[in-house]
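Right, one structure below, let's go through it.
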Amino acid sequence: MYRKAILVEPKKPLEFVEEPIPETPDDGVVLELLYSGVCHSDVHIQADCMDFGGGVYASLFAINKDLFIGRNLGHEIYGRIMSMGPNASKNFKVGDEVVAYPWAGCRSCEFCKIDRSNFCSDNQFGLKDLGLGRKGGFATHMALPECEKYLIKRGNIDPKVAPLLSCSALTAFSGLRQIKESLDTRARAGLTQNILLIGAGGLGQWAVAYSKHLYPECNLTVADISTEKLEQLSERGVDNTVLFSKTSTIAEKAQQFPHKMDGIIDFVGSSQTASLAAKLLSRGGTMVVIGLIGGQIEASLLGLIDGTQTIKGVRTGSFELMKEMIRLTEEKNIRGPEIFTYKFDQVNEALDAIRNGTMMGRAVLDIKA
Ligand SMILES: [Zn+2]
Ligand SMILES: [Zn+2]
């Protein structure tokens, strides 16, 4: 038997259930899970109230509660291969420690076929992804097919950091890639490359680490509402920090910046932070929205045209991008966010800490503890 934590009702704690260990797929593996990351998306899914802006909200529980009940969350998955099917890839063996790529998509749409399953066209509510609709990492075991499409070996990366590679690291890295053209143009013109990261939590900490490798000449600013989170970043090579007041307006926040920004990544993703980012964009600048608070953006259309600016949304990254990012992380020995370890039984405490904003880095479940 194996244990997993499942959703039973929106906003209610996860419950533990037991069921038989899955059969080993013919072309895949069964993993004995070691560590699983707990992500802000898990909190959003548990809350089950997605704000699409303009007063439009969606709840999976309301649409089809059978799809909600029993969801086994946890998409930052890391484990050891326990058994392999007869037709599994020979590039892996029993005992290998691997990270799973969770953004599997439907495997058959036009995007999935070209390694863009992270924006699969048949994946409402993420139901085709691991730990969203399919079984996830808040479990002691999991079965996966197609090793070459789901698994990447950990290499020399710290085992507690390894699960984070598939979501928080990949999403931050993917977001930073999207501002490349804007920053390269500035560099060619001999101008300063100003990056602003909104949100100093786990993703912000990954983005700080990767920024310094992808854009070594950049001037890096991080903004957050938490003094503690900003202080934590001071030793990580951040050039400037901006402390937001929870109650200040967008215009007041905008005045806290001495200049415009060329690449902005919004790890909060609320109406206020995204609208602020649009206001702060420089000529030719790009802003990327990643956080999932939801709502809508206010931006001047003529300002966008006149400034030749770009507003993008990024949902994680492709499998190939994740491989490239892992190589860089290993090669440069890139330091991830601060890690706070919880026992598997404490999964609800970890979710609470993220929801309350008291998580100072990234929560990781020690599945064996
Ligand atoms: Zn995530
Ligand atoms: Zn698809």
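The values are calculated or read from the model by the stated rules, or taken from the named source; none is laboratory data. Note that the coordinates shown come from a computational prediction; the quantities given were computed from them, not determined experimentally. Neighbour counts are summed over all protein chains in view; Cβ atoms, including those assigned to glycine, are modelled from backbone coordinates with ideal geometry. When the accessible area is computed, the model is the full protein with side chains, heavy atoms only, and any ligands, DNA or RNA have been set aside. Shrake-Rupley method; radii C 1.70, N 1.55, O 1.52, S 1.80 Å.
Karplus-based coupling profile of the stretch 177-187, in residue order and whole Hz: 5, 6, 9, 4, 4, 4, 6, 4, 4, 4, 4, with θ = phi - 60° in 6.51 cos²θ - 1.76 cosθ + 1.60 and x standing for Gly or Pro.
Per-residue Karplus couplings for the stretch 122-136, computed as 6.51 cos²θ - 1.76 cosθ + 1.60 with θ equal to phi - 60°, are listed in order as 10, 9, 4, 6, x, 5, 8, 8, 5, x, 10, x, 8, 4, x Hz, Gly and Pro entered as x. Entry comment: accessible area of the stretch 171-313 is 45 Å² per residue, from protein heavy atoms only and a probe of 1.4 Å.
Place a point 7 Å from Cα of THR227 in the direction of its Cβ. Which residues in the stretch 343-365 have their backbone N less than 19 Å from it? Answer for this model: 357-361. When both bridge partners sit in the chain, DSSP labels roughly 50% of those beta bridges antiparallel.
About the centre of its Cα atoms, the stretch 171-329 shows a dipole size close to 240 debye [charges on the beta carbon of Lys, Arg (+1) and Asp, Glu (-1) only; nearest 20 debye]. Extending 7 Å from the Cα toward the beta-carbon at both LEU321 and LEU304 defines two label points whose distance is 2.0 nm.
Ordered by 1.4 Å accessible area with all protein chains kept, HIS44, HIS259, HIS75 run largest first as HIS259, HIS44, HIS75. Could you tell me what % of all Cα pairs in the stretch 171-313 have separations over 24 Å? Counting pairs separated by more than 24 Å, the tail of P(r) holds 21 percent.
A Stokes-Einstein calculation at 10 °C with viscosity 1.306 mPa s, built on the Kirkwood radius of the stretch 85-125 over Cα pairs, returns a diffusion coefficient of 132 µm²/s.
Averaged over residues, the count of other Cβ atoms within 10 Å places the peptides 11-17, 30-36 in the sequence 30-36, 11-17, highest first.
Measure off, as a whole percent, the carbon and sulfur share of the 1.4 Å-probe accessible area of the stretch 171-313, all protein chains present.
Exposed carbon and sulfur together represent 52 percent of the surface.
For ARG71, nonlocal amide neighbours, meaning residues 5 or more places apart or on other chains whose placed amide H falls under 5 Å from its own, are LEU7. Placing unit charges on the Cβ atoms only, positive for Lys and Arg and negative for Asp and Glu, gives the chain a dipole magnitude near 440 debye about its Cα centre. Candidates TRP206, GLN232, LEU164 compared by Cα position along the dipole of the stretch 142-252: farthest toward the positive end lies LEU164, with charges placed on Cβ.
What's the local net charge at ALA88, with K and R +1, D and E -1, over the other residues with C-beta under 10 Å away?
-2
Rounded to whole numbers, the Karplus 3J(HN,Hα) couplings from phi for the stretch 62-72 are 6, 6, 7, 5, 5, 7, 7, 5, x, 4, 9 Hz, using 6.51 cos²θ - 1.76 cosθ + 1.60 with θ = phi - 60°, and x at Gly and Pro.
In units of 2.2 N^0.38 Å, what is the alpha-carbon radius of gyration of the chain? Each step should come with its number before you reach the end.
Numbers: Rg = 20.3 Å, N = 369, 2.2 N^0.38 = 20.8 Å.
Ratio of Cα Rg to 2.2 N^0.38 Å: 0.98.
Here's how it looks for ARG283: its modeled amide H is under 5 Å from none belonging to a residue 5 or more places away or on a different chain. Less than 5 angstrom separates the built amide H of LYS343 from those of ASP366, all sequence-distant by 5 or more or on a different chain. Toward the positive end of the charge dipole of the chain, with +1 on the Cβ of Lys and Arg and -1 on the Cβ of Asp and Glu, the farthest Cα among LEU130, VAL99, GLY307 is that of GLY307.
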